[in-house]
Amino acid sequence: MTSARENVEFLPDFCTGARVLRVLVVCEAVAIVLALGGSLSDELPRRFLLLSVYMQWIGVCSAAALCLIKRYASGMSARGMALLAYLVLLLVTLSITEITYVAGRYSGFALLLEDASHDGFLARSVGICAVVSALALRYFWLRSAWQTQAQAEVRARLEALQARIEPHFLFNSLNSVAALIAVRPGDAETALEDLALLLRARLSEQGPADVSLAEEMTLVNAYVGIESLRLGERLHMEIDIAPAARGCRLPALSLQPLVENAIGHGVARLPAGGTVAITAQRKGNTLVVEVSNPICTDTATVPGNRQAIANIRNRLALRYGDAAVLRVDEQRDRFTVVMVVPQMAEH
């Protein structure tokens, strides 16, 4: 069942200048329609000017009222806030219309009255407000619901992509530990401790969506420690992390799978082993991470390598859109992945 408190944030923030400007544009459009809907006499320019003042007055006051509702009535349910906003908009229009009618008899606004009765003038103005306000609030509600659904779908896709990476990592790590138990039990215990660290990070329900590069490198080092026990001297690491890059943020568990691929699909398949190189630096408002490894040209490409890279590319796209890049450079004997992650501007 849908909670009555869902979509509480459906009402936009009318305390901003940009939002107030949009309200004034809508009010001006209504003024144009009303002006053209009247008699096309020589008084049309003056009538349009008076309608503009009248509608802008209502627009500014309505925006101010919605700003106060957003700020001080945030504890209400969504339906309660919608009802309150609707009634306040009607009350604002009614008040301004009443003032306009009373003052119009003694000022230039008399042109707007067109010999209409008091009740007729109020009913027409409040009726127009009722329709426009209902449509606007309904639009805000549907837009909020669409945004909520879109965000839920993005989270679900991210979680699905993350789940596809985790079993692959777990199986690789357990195979590494199993190979050590009989011959080197002490090293196997160390590997299990590293594995526990990695699993704790992966299975935490409150795990952060993004981490610093230094935190991600802790998991990378734990995984490298597990694989080093299995591969021995066949695995070499070259790590060059610029000091400015250590505090940069990136999606959790985005670099570790790249290193896992570099080892599993590169070094581990070479009889003589090889070197995995990791470099990272901050360039302007982006973090640039590069992972490269030797490749065996005599064996077929393993599909899992491309699948894992595609998963990470999708995660970056869902999180950052086109601002993030995952680029692959495959040469004859070297495979390189470059990951570019946008960062907040430094102040």
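The values are calculated or read from the model by the stated rules, or taken from the named source; none is laboratory data. Quick caveat: nothing in here was measured; it's all calculated off a predicted structure. For neighbour counting, all protein chains shown are included, and Cβ atoms are generated from backbone atoms with ideal geometry for every residue, glycine included. Keep in mind that these areas ignore ligands, DNA and RNA; they rest on the heavy atoms of the full protein, side chains included. Shrake-Rupley method; radii C 1.70, N 1.55, O 1.52, S 1.80 Å.
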Could you please find all residues in the range 322-337 being surrounded by 12 or more Cβ atoms within 10 Å (Cβ to Cβ) and part of a loop (DSSP other than H, G, I, E, B)? A324
Just to be sure, is S62 within 25 Å of the chain's Cα centre (by Cα) and not basic (K, R)? no
Would you say R282 is outside any strand (DSSP E or B) and either under 22 Å from N221 (Cα atoms) or not acidic (D, E) (or both)? no
Cβ contacts < 6 Å: first residue within 21 Å of H118 (Cα to Cα), restricted to the range 70-97; second residue open to solvent by 60 Å² or more (accessible area, probe 1.4 Å), any location; separation 6+ or different chain. Result? I96/W57
When the range 29-60 is examined, which residues are found to be open to solvent by 50 Å² or more (accessible area, probe 1.4 Å), of a type in the set (D, E, K, R) and in a helix (DSSP H, G or I)? R46
Filter the range 271-303 for residues that are surrounded by fewer than 16 Cβ atoms within 10 Å (Cβ to Cβ) and over 36 Å from the mean Cα position of the chain (by Cα); the one that is modelled with the highest pLDDT is T275
How many residues of the range 225-238 are more than 9 Å from G274 (Cα to Cα), open to solvent by 20 Å² or more (accessible area, probe 1.4 Å) and in contact with a strand residue (DSSP E or B) (Cβ under 8 Å, 6 or more places away or on another chain)? The answer is 2
Could you list, in sequence order, the residues of the range 1-37 that are hydroxyl-bearing (S, T, Y) and at pLDDT 85 or above? T16
Residue tally, condition exposed (fewer than 12 other Cβ atoms within 10 Å of the Cβ), charged (D, E, K, R) and modelled with pLDDT of 85 or more, over the range 81-136: 1
